[in-house]
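Trainee: My questions all concern the structure below.
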Amino acid sequence: MRNTIIELKSADLTLGSAAASVHVLRSIDLAISEGEAVGIVGPSGSGKSTLLMVLAGLERLDSGEIIVRNTPMHSLSEDRLADFRGRNIGIVFQSFHLIANMTALENVAIPLELANVKNAFDIARKELQAVGLGERLSHYPGQLSGGEQQRVAIARALAPSPAVLIADEPTGNLDTETGRQIADLLFAKQQERGMTLVLVTHDASLAARCSRQIRVASGQIAGDSQAEQMRLATVSA
């Protein structure tokens, strides 16, 4: 049985204030094991992207616990949280979030340098080659296609060798064929490195490629394929 790498306990979060406040997450309990590929799905406004941001350490809970690799992220200071996230969690966004005036190589290397990683540019070069961009190292984001920009973003996320890879609508800004190629790359790297992959997507076919699907509705977990499989196994036993 694989060890738990991510755990949420009674996770609760409200965004906004006063009349504009929205209770986004409602007492969520969730455990994700090492090496799982988990797809989080649900309608717009269901809280799935906010849930992902909590798992990535980019949103703070109002109450409850978020534990990643046996570290209680909810109790870390901002500096310690940033350091922990940089070493353990890779993040890929729908809109790439590349720095326009930096080359592909610099976009991947600079975060490593800021984290005092030795040989940052050597590592960045290797990661870009691994995602098929060995010939595009000196190109700026504006000189790259959407698919190439997302490959740079994936290389940047993978460069610190994270245990967890978080992806928020990673194919959302791409055409169907390019999106399929990016999905292939994400799952290949997840298998190759034994990482835990957690992704939010509106694409049912992408979610179906994950070993587990979690459905979110109204800030709560409304379905979990793992729990359903366990229930069916118990019934048939």
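Trainee: State yes or no: is L133 more than 28 Å from E59 (Cβ to Cβ), part of a loop (DSSP other than H, G, I, E, B) and not hydroxyl-bearing (S, T, Y)?
Mentor: Details: more than 28 Å from E59 (Cβ to Cβ): yes; part of a loop (DSSP other than H, G, I, E, B): yes; not hydroxyl-bearing (S, T, Y): yes.
In short, yes.
Trainee: Give region 197-225 a look and list any residue that's open to solvent by less than 30 Å² (accessible area, probe 1.4 Å) and either in a loop (DSSP other than H, G, I, E, B) or closer than 25 Å to G146 by Cα (or both), or say none.
Mentor: L197, V198, L199, V200, T201, L206, A207, C210, G219
Trainee: Considering each of V131, V117, V68 in turn, give the residue that is in contact with a helix residue (DSSP H, G or I) (Cβ under 9 Å, 6 or more places away or on another chain) and in contact (Cβ under 8 Å) with a residue 60 or more places away in the chain.
Mentor: On the way: V131 fails: in contact (Cβ under 8 Å) with a residue 60 or more places away in the chain; V117 fails: in contact (Cβ under 8 Å) with a residue 60 or more places away in the chain.
So the residue among V131, V117, V68 that is in contact with a helix residue (DSSP H, G or I) (Cβ under 9 Å, 6 or more places away or on another chain) and in contact (Cβ under 8 Å) with a residue 60 or more places away in the chain is V68.
Trainee: Can you tell me how many residues within region 5-25 are within 17 Å of R69 (Cβ to Cβ) and either at pLDDT below 95 or open to solvent by 70 Å² or more (accessible area, probe 1.4 Å) (or both)?
Mentor: Selection size over region 5-25: 1.
Trainee: Determine whether region 75-92 contains at least one residue that is in contact with a strand residue (DSSP E or B) (Cβ under 6 Å, 6 or more places away or on another chain), open to solvent by 30 Å² or more (accessible area, probe 1.4 Å) and at pLDDT below 95.
Mentor: No: zero hits.
Trainee: Still on this structure, please answer the following. Pick out the one residue from I110, I123 that is open to solvent by less than 70 Å² (accessible area, probe 1.4 Å), without any contact (Cβ under 8 Å) to a residue 12 or more places away in the chain and over 17 Å from the mean Cα position of the chain (by Cα). Can you show your working first?
Mentor: Values: I123 fails: without any contact (Cβ under 8 Å) to a residue 12 or more places away in the chain.
Among I110, I123, only I110 is open to solvent by less than 70 Å² (accessible area, probe 1.4 Å), without any contact (Cβ under 8 Å) to a residue 12 or more places away in the chain and over 17 Å from the mean Cα position of the chain (by Cα).
Trainee: Restricting attention to region 26-72, and to residues there that are open to solvent by 20 Å² or more (accessible area, probe 1.4 Å) and among the hydroxyl-bearing types (S, T, Y), which single residue is farthest from E7 (Cα to Cα)?
Mentor: Per the criteria, the residue is S44.
Trainee: Being among the small types (G, A, S) and at pLDDT below 95 is the requirement here; does G142 meet it? Before you say what the answer is, go through the steps one by one.
Mentor: On the way: among the small types (G, A, S): yes; at pLDDT below 95: no.
No; evaluated as a whole, the condition is false for this residue.
A quick yes/no check of all residues on (1) assigned to a strand (DSSP E or B); (2) farther than 17 Å from V216 by Cβ:
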{"position": "G39", "(1), (2)": "yes, no"}
{"position": "L52", "(1), (2)": "no, no"}
{"position": "E59", "(1), (2)": "no, no"}
{"position": "G64", "(1), (2)": "yes, no"}
{"position": "I67", "(1), (2)": "yes, yes"}
{"position": "H74", "(1), (2)": "no, yes"}
{"position": "G86", "(1), (2)": "no, yes"}
{"position": "S95", "(1), (2)": "no, yes"}
{"position": "M102", "(1), (2)": "no, yes"}
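Yes/no matrix, rows are residues, columns are (1) of a type in the set (A, V, I, L, M); (2) closer than 16 Å to N107 by Cβ; (3) more than 13 Å from the chain's Cα centre (by Cα):
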| residue | (1), (2), (3) |
| --- | --- |
| S138 | no, yes, yes |
| Q143 | no, yes, yes |
| A153 | yes, yes, no |
| I166 | yes, no, no |
| T178 | no, no, yes |
| L199 | yes, no, no |
| G223 | no, no, yes |
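The values are calculated or read from the model by the stated rules, or taken from the named source; none is laboratory data. Everything quoted here is computed from the prediction, not taken from an experiment. FYI the Cβ positions are ideal-geometry reconstructions off the backbone, even for glycines, and counts take in every protein chain you see. When the accessible area is computed, the model is the full protein with side chains, heavy atoms only, and any ligands, DNA or RNA have been set aside. Shrake-Rupley method; radii C 1.70, N 1.55, O 1.52, S 1.80 Å.
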